[in-house]
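Following: one structure in structure tokens, then a few remarks.
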């Protein structure tokens, strides 16, 4: 698995093809390269299915709901990655998994004054909150992707906890971020090409192991 120093060196060469000996005075500093890698880590971790980012899988149990049957995701003990996009499953504690409902489906339920049952619980999002029905006297278990630990220089370095396959896409995306910060139109075009290439690779890899954000009854092992 590549070490942080190896990823930094690789990224430095990609963004400064002339190499260290004749480095452009405007080239990225190690700290700036580290920042690009951490941004890329968050993006790539969000896009990959859970299969590829198992170290980020987190479960919190018996979370209390407010008087409206809602739970604020920002209050999770360990920070969730990209809000609702990082949510993998919601389950009534000791009961069934909740089926995710879109805004349109939620409004239809509200208009119809739907009665919800423990045998078929549901959840939806409004802002940073997840709403659960039914909720009277209930707590919920939440399965989600946590934010990855930021990489950092030190003695020793704080290394990336994700797999080599994920790290390769991280370096690719960080390269795109580097070019995307340029004022040169040619660099911006190069950045767009890199982003598209990474997205295609992630899509292909994800296709082997199911949807990115499953929210149906059979998901998870809470």
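Values quoted throughout were computed directly from the atomic coordinates according to the rules given, and no laboratory measurement underlies them. Just so we're clear, the structure is a prediction, and the values are computed from it rather than from any experiment. Every residue, glycine among them, receives a Cβ derived from its backbone with ideal geometry; neighbour counts consider all protein chains shown.
Of the residues 128, 63, the one with the fewest other Cβ atoms within 10 Å heads the list, and the complete ranking is 128, 63. Here the spin labels are modelled as points 7 Å beyond Cα on the Cα-Cβ line, and at residue 35 and residue 152 they lie 1.7 nm apart. Among 155, 119, the ranking by other beta carbons within 10 Å of each residue's beta carbon, starting with the fewest, stands as 155, 119. Dividing the helix sum by the residues of the chain, where each DSSP H run of 4 or more adds -39500 (n - 2.57), gives a mean residue ellipticity at 222 nm of -11500 deg cm²/dmol.
Quote the FRET efficiency, to the nearest 0.05, computed for residue 203 versus residue 110 with a Förster distance R0 of 35 Å and r equal to the Cβ-Cβ distance. Walk me through the intermediate numbers first.
Details: r = 35 Å, r/R0 = 0.99.
Approximately 0.50, to the nearest 0.05.
At q = 0.10, 0.11, 0.14 Å⁻¹ the log10 of I(q)/I(0) for the chain amounts to -0.56, -0.65, -0.90, computed by Debye summation with a single uniform scatterer per C-alpha, solvent ignored. Taking the square roots of five times each eigenvalue of the Cα gyration tensor of the stretch 56-145, the equivalent ellipsoid has semi-axes of 21, 15, 11 Å, listed largest first.
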